[in-house]
Amino acid sequence: MPMPSVINMVVRPQERQPLLPHPSHPSPGYNTLSLINQEKGSLTSSTIHTSQPSANKRLFLLALRTKIILIMVAIPAFLLASSAVTSLGPLTPRDTVIRSPQPAEPQTTSNSNLFASVQGPLISTQFADPAIIHVNGISYAFATNNKGVGADRINVQVATSTDNETWTLMDHHDALPSMGAWETGAGVWAPDVVQVEDGSFVLYYADVPTWAPQHHCVGAATSKNITGPYAPLSQPFACPNVLTQGGAIDPDGFHDVATDKRYVVYKVDGNSLGHGGACMNSVAPIIPTPLMLQEVAADGVTPIGNPVELLDRDDVDGPLIEAPALHRSPEGVYFLFYSSNCFTTPKYDVSYATATNVLGPYTRSNRPLLITSDAGLVGPGGMDIIKGGGTIVFHGHMTIANDPAELKQAEAIAASTGTSVNSVSLPLIRGMWSATAQFSGTTVSLA
């Protein structure tokens, strides 16, 4: 995924408007009433003189006043219910994803419990697109380059943990210190590591090809040691035509224990050919960004057959889908996790789709797994799941609400410029969070 320049880290709720206008004051000696026009089913306004009313008139007015009170109660209740339903988005059909593009409302206690297992930030420095693997009692997380310059540049970052809660970043350690002949090293993104049958390790990643500096291709590298150094292949692993398809990014390895087959899933980076807007692809015509599945041999790097398309973006996904990861539940359901919308915005999320065959067809869930405001997150995405299920890791935006360093920096800028802290824009930093995923049928719980 591309690295942004700046983003305003504050998500503000929309201003609420009153459901009904304030009533006007009636003139002295008159009651202004709303009468129901039963033939047309609409409300009409009528003014009734109440000076010296007869007994019949008093009964009529009493009955009418009762109806009006009921209407005055019913209409606001209806509007409130309608507003609540509308805010959820479309409820059908099954494959329509319910989106809350910039949900800034605080979570209720019951809603927060749905994300009780979410922990973080576990790493608060730049650690985007994390991938996780567990080897010999230690968990390793690999992440996109640290945006360092010169000697401080680290192409593939590594962090370790013995409990998946406390993580230690391996300072100045680069798992991919050298580049293959095909690549420049200008933008190493979204690494993933798998262990193959002979005990060695394969690192998948994306980088800029020498012949197309505006695009990326997927590379692979091998090592006898989990932390590297990894030796890159001389040719890219996957590189759809950069001029017509946009190249490829976000590879993720998957071993299907049901068939003992190995795969690599990745994104065709069509939005790199886009016509502008969010992530270069929200201005028509929109370019496809399909997720592709490539079977590989036991060595993890030799392709078998041609890649198969699993899923592509649709209107609810915004400009793209990306960052795929595959998991097979104990019940035999395949979960294809991915992110949609643009990663620089609060609309970024973790979504998923399910199938009974690894090749699909995949059906989108009714709601993304994680969106902004879930567990206090902003822009969650780039998720990976540990082999066998359970622990997931993902990145989120560091903000003045979750990072004291960000708050201190924003306060300093606000004081020097005479602006408010909330109006300060800081460079986007994506730290790492984790959660525990529980699978049941075609649903995932992070409770």
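Taken over the range 388-405, residues that are closer than 21 Å to Ser139 by Cα and either touching a Pro at 6+ places or on another chain (Cβ under 7 Å) or modelled with pLDDT of 95 or more (or both) amount to 6. Checking each residue in the range 379-397 for being touching a residue at least 40 places away in the same chain (Cβ under 8 Å), surrounded by fewer than 24 Cβ atoms within 10 Å (Cβ to Cβ) and assigned to a loop (DSSP other than H, G, I, E, B) picks out Ile386, Lys387, Gly389, Gly390. Scanning the range 181-196 for residues that are in a strand (DSSP E or B), under 18 Å from Tyr266 (Cβ atoms) and not hydrophobic (A, V, I, L, M, F, W, C) yields Glu183, Pro191, Asp192. Being of a type in the set (Val, Ile, Thr) and either surrounded by fewer than 16 Cβ atoms within 10 Å (Cβ to Cβ) or at positive phi (or both) is true of Thr302. Please go through the range 213-234 and pick out each residue that is farther than 22 Å from Thr160 by Cα and out of contact with any Ser or Thr (no Cβ under 9 Å at 6 or more places or on another chain). Result: Cys217, Val218, Gly219, Ser234. It is to be established whether one or more residues within the range 221-230 are assigned by TED's automatic domain parsing to the domain that holds Leu359, in contact (Cβ under 8 Å) with a residue 24 or more places away in the chain, closer than 23 Å to Glu309 by Cβ and of a type in the set (Phe, Trp, Tyr). No: the range 221-230 contains no residue that is assigned by TED's automatic domain parsing to the domain that holds Leu359, in contact (Cβ under 8 Å) with a residue 24 or more places away in the chain, closer than 23 Å to Glu309 by Cβ and of a type in the set (Phe, Trp, Tyr).
For the range 406-422, the count of residues that are surrounded by fewer than 17 Cβ atoms within 10 Å (Cβ to Cβ) and under 27 Å from Tyr140 (Cβ atoms) is zero.
Here's the yes/no breakdown for (1) under 25 Å from the mean Cα position of the chain (by Cα); (2) surrounded by 21 or more Cβ atoms within 10 Å (Cβ to Cβ):
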{"residue": "Phe237", "(1), (2)": "no, yes"}
{"residue": "Gly247", "(1), (2)": "yes, yes"}
{"residue": "Lys261", "(1), (2)": "no, no"}
{"residue": "Val264", "(1), (2)": "yes, yes"}
{"residue": "Asn271", "(1), (2)": "yes, yes"}
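Of the residues in the range 202-225, how many are crowded, with 20+ Cβ neighbours inside 10 Å and not in a strand (DSSP E or B)? Within the range 202-225, residues that are crowded, with 20+ Cβ neighbours inside 10 Å and not in a strand (DSSP E or B) number 2.
Taking every residue in the range 118-133 that is over 12 Å from Gly431 (Cβ atoms) and pairing it with any residue that is of a type in the set (Lys, Arg) and surrounded by fewer than 24 Cβ atoms within 10 Å (Cβ to Cβ), at least 6 positions away or on another chain, the pairs with Cβ-Cβ distances below 8 Å are Ile133/Lys387.
Quick one: Gly199 ticks every box in (1) part of a loop (DSSP other than H, G, I, E, B); (2) crowded, with 18+ Cβ neighbours inside 10 Å bar one, so which box is it? The single condition Gly199 does not satisfy is (2).
Only a single item in (1) among the aliphatic types (A, V, I, L, M); (2) touching a residue at least 12 places away in the same chain (Cβ under 8 Å); (3) over 30 Å from Lys224 (Cβ atoms) is not met by Ala298, and it is number (3). Taking first residues from the range 233-248 that are in contact (Cβ under 8 Å) with a residue 60 or more places away in the chain and partners that are outside any loop (DSSP other than H, G, I, E, B) and β-branched (Val, Ile, Thr), the Cβ contacts under 6 Å between residues at least 6 apart in sequence or on separate chains come to Phe237/Val218; Ala238/Val218.
The values are calculated or read from the model by the stated rules, or taken from the named source; none is laboratory data. None of these values were measured; they are calculated from a predicted model. Cβ: placed from backbone, ideal geometry, glycine included. Neighbour counts: every protein chain shown.
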